[in-house]
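The values are calculated or read from the model by the stated rules, or taken from the named source; none is laboratory data. Just so it is clear, the structure is predicted and the values come from calculations on it, not from any experiment. Reconstructed Cβ throughout: ideal geometry from the backbone, glycine too, with neighbour counts over all protein chains shown. Just the protein is used for accessible areas: all its heavy atoms, side chains included, with ligands, DNA and RNA removed. Shrake-Rupley method; radii C 1.70, N 1.55, O 1.52, S 1.80 Å.
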Amino acid sequence: MDLILQQTVNAIALGGTYALLALGLAVVFSIMGLINFAHGELMTIAGYVLMYCGLAGVPFVIGAPLAVIAAMLAAVAMERIAFRPVRNSSGATMLVTSFAVAMILQVLFQNLISARSQAVVIPDFLGQSIVIGGLVIGVNKLFAIVATLVMLVLLETFMSRQKHGIAMRAAAEDFAIARLMGIRANTVISAAFALSGLLAGVAAVLWVSQRASVDPLMGFTPVLKAFIAAILGGLGSLRGAVAGGFVLGFVEVFLAAFLPAEWQEFREPIGLSLVVLMLVVRPNGLIPAATLQAQKV
Amino acid sequence: MTPLLKLQNFKLRYGAVQAVRGIDIEIRKGEIVALLGANGAGKSSTMKGIAGLEPVAEGRVLFDGRDITDLPPEEIPSAGLTLSPEGRRVFGTLTVADNLRMGAYTITDKAAIETALRRVFDLFPILEERQGQYAGTLSGGQQQMLAIGRALMCNPRLLLLDEPSLGLAPLIVEQVFALISTLRDQGVTILLVEQNVAGALAIADRAYLMASGRIIREGSAAEMRSAGAMADSYLGGH
Ligand SMILES: Nc1ncnc2c1ncn2[C@@H]1O[C@H](COP(=O)(O)OP(=O)(O)O)[C@@H](O)[C@H]1O
Ligand SMILES: [Mg+2]
């Protein structure tokens, strides 16, 4: 029982990070139909900012927000430079553009920083554990769970109560009509990227806090997972992205914990098969986006 | 008096498809002008071109003397006109109240937004009752009222209505036409696209008849009502 609770905590921590990343992908996809594969590089940028802050002796409580801000600025710049010129192109053109952006950034990291993994200074308290009701919980896990919750609540409030958040939902549902209301296309798209950068930045801080290192390809794996989570949840659906992230976190953590040792090497394929199975049952994802439903009517 | 809206040699195309082939339209303040014509005549394209949703290929759109031909759609509401689009297109995942607030997106004065909201609720009491409900759960007639209400939220001087009666039950259609007259009485000028010719001509002051991207007849509503005047274009010959 304790083991299950223990793994549940781990699953929430990991799933929460996936959820934040998947949300970032979903926010951008819902607005402009772009699957941004360079989302991972936003994480990597945040990771390097954390690394340099550590080297410069900047305390983590300042370095972490700086890393998040850097990811937001990078996301907005990415849209201005790379995605705005192809905004009205096909989904394939935008997808290829995002691959190109990802690769260019990876090469830049390799050549300007280092091809090798770099250590990141993480404050000692994040490496410690606390005992809650008999459970030993890593402070970094707790930090991840709290940060995820705070982000989800902030985002939910923004999207459901703030004029600009509601405008983003309107634009996601029917971009042309949203513009007709006076909602500026450039503003909404920039805001969507800023939001995705914010989410990637927070996810990066959580990710790096677990690993204490950063390398040029750091963002690849978590964003691939987040992409799977976003599809599992229903591409373009924000609630779906969150659900998909947590489900994927649970699948991974529980397979790692409870699969017999001789099966462990097949963990990833088994996990992915489970995801595929869920998609067979619910082809549009766990919580499909409204626009997808609308198109079918 | 300068007309409130003037289209001069207005053309619009989709690639090789010539949807509107050079039309001239004038709407004076306080009028209801009907734009009639069979399916595919180019009515919606005209509306979209005015509202900036599709680029105007040639010609000019003048609103109150100002050239708005190349304005992007987001500049249209603050210029003083709005489009309630064909097929309603309310934001189904937003509540009724949020849909209306989006209609007032360009208005920053909170009190002005509340006044506009009050006016819409007075016109459509059902929207006030349903204000917390998701727009996607409304009936077709209620969605149409929401689409019109949303377009009214920015206090437009000119309201473009594209087929507001489409797909509605006869009783609701009557209500919608009555409402359009009420709006005119409140000082809103209206360009009304309709396939319900009788209903539109009953409330309109003047009408234009379109076929294959051209205006083939125009006149007062009374003239256009006269027997046989409209039949040809709807039967395909002209
Ligand atoms: N997005 C589009 N792409 C290509 N052709 C279009 C598009 N929209 C409309 N058309 C064509 O333009 C013509 C006019 O259409 P439309 O303005 O919608 O007519 P109406 O509103 O009078 O029924 C039609 O021949 C239609 O097929
Ligand atoms: Mg039409």
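Data table
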read-out	value
Residue tally, condition hydroxyl-bearing (S, T, Y) and more than 10 Å from chain B (Cβ to nearest Cβ), over region A:170-207	2
Matching residues in region B:47-86 - criterion: being more than 14 Å from chain A (Cβ to nearest Cβ) and either farther than 23 Å from B:G15 by Cβ or touching a helix residue (DSSP H, G or I) at 6+ places or on another chain (Cβ under 6 Å) (or both)	B:V56, B:V61, B:L62, B:F63, B:D64, B:G65, B:R66, B:D67
Failed item in (1) within 16 Å of ligand 1 (Cβ to nearest atom); (2) at pLDDT below 95, with B:T93 passing the rest	(1)
Residue list for region B:139-153, filter: outside any helix (DSSP H, G or I) and under 19 Å from B:A104 (Cβ atoms)	B:M153
Some residue of region B:66-87 being without any contact (Cβ under 8 Å) to a residue 40 or more places away in the chain, assigned to a loop (DSSP other than H, G, I, E, B) and within 16 Å of ligand 2 (Cβ to nearest atom)	no
Residues (away from ligand 2 (no atom under 12 Å from the Cβ) and over 21 Å from B:T189 (Cβ atoms)) located in region B:21-58	B:R21, B:G22, B:E54, B:P55, B:A57, B:E58
Only one of B:G52, B:G87, B:G30 that is among the small types (G, A, S), closer than 27 Å to B:Y105 by Cβ and in contact with a Pro (Cβ under 6 Å, 6 or more places away or on another chain)	B:G52
Residues of region B:12-58 satisfying the condition of being more than 12 Å from ligand 1 (Cβ to nearest atom), open to solvent by 40 Å² or more (accessible area, probe 1.4 Å) and assigned to a strand (DSSP E or B)	B:D24, B:E26, B:E58
Output for region B:156-197, where each listed residue is in contact (Cβ under 8 Å) with a residue 60 or more places away in the chain, among the polar types (S, T, N, Q) and either surrounded by 21 or more Cβ atoms within 10 Å (Cβ to Cβ) or within 14 Å of B:M47 (Cα to Cα) (or both)	B:T189
Unique residue being closer than 27 Å to A:G245 by Cα and more than 22 Å from the chain's Cα centre (by Cα) when the list is A:V120, A:V136	A:V136
Which numbered condition A:L149 misses (of (1) more than 14 Å from every other protein chain (Cβ to nearest Cβ); (2) farther than 18 Å from A:L238 by Cα; (3) open to solvent by 60 Å² or more (accessible area, probe 1.4 Å))	(2)
Qualifying residue in region A:79-86 (condition: crowded, with 22+ Cβ neighbours inside 10 Å, charged (D, E, K, R) and modelled with pLDDT of 95 or more)	yes
Subset tally (residues that are touching an Asp or Glu at 6+ places or on another chain (Cβ under 8 Å) and outside any helix (DSSP H, G or I)) for region A:151-180	0
Output for region B:59-90, where each listed residue is out of contact with any strand residue (DSSP E or B) (no Cβ under 9 Å at 6 or more places or on another chain) and open to solvent by less than 10 Å² (accessible area, probe 1.4 Å)	B:P77
Filter result (within 16 Å of ligand 1 (Cβ to nearest atom) and acidic (D, E)) within region B:159-215	B:D162, B:E163, B:E194
Selection count, region B:14-42, where residues are under 23 Å from B:E74 (Cβ atoms) and out of contact with any Phe, Trp or Tyr (no Cβ under 8 Å at 6 or more places or on another chain)	3
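Okay, residues lined up against (1) within 20 Å of B:L179 (Cα to Cα); (2) part of a helix (DSSP H, G or I); (3) in contact with a His (Cβ under 7 Å, 6 or more places away or on another chain); (4) more than 10 Å from chain A (Cβ to nearest Cβ):
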{"position": "B:F91", "(1), (2), (3), (4)": "no, no, no, no"}
{"position": "B:N99", "(1), (2), (3), (4)": "yes, yes, no, no"}
{"position": "B:M102", "(1), (2), (3), (4)": "no, yes, no, no"}
{"position": "B:I107", "(1), (2), (3), (4)": "no, no, no, no"}
{"position": "B:T115", "(1), (2), (3), (4)": "yes, yes, no, yes"}
{"position": "B:R119", "(1), (2), (3), (4)": "yes, yes, no, yes"}
{"position": "B:E128", "(1), (2), (3), (4)": "yes, yes, no, yes"}
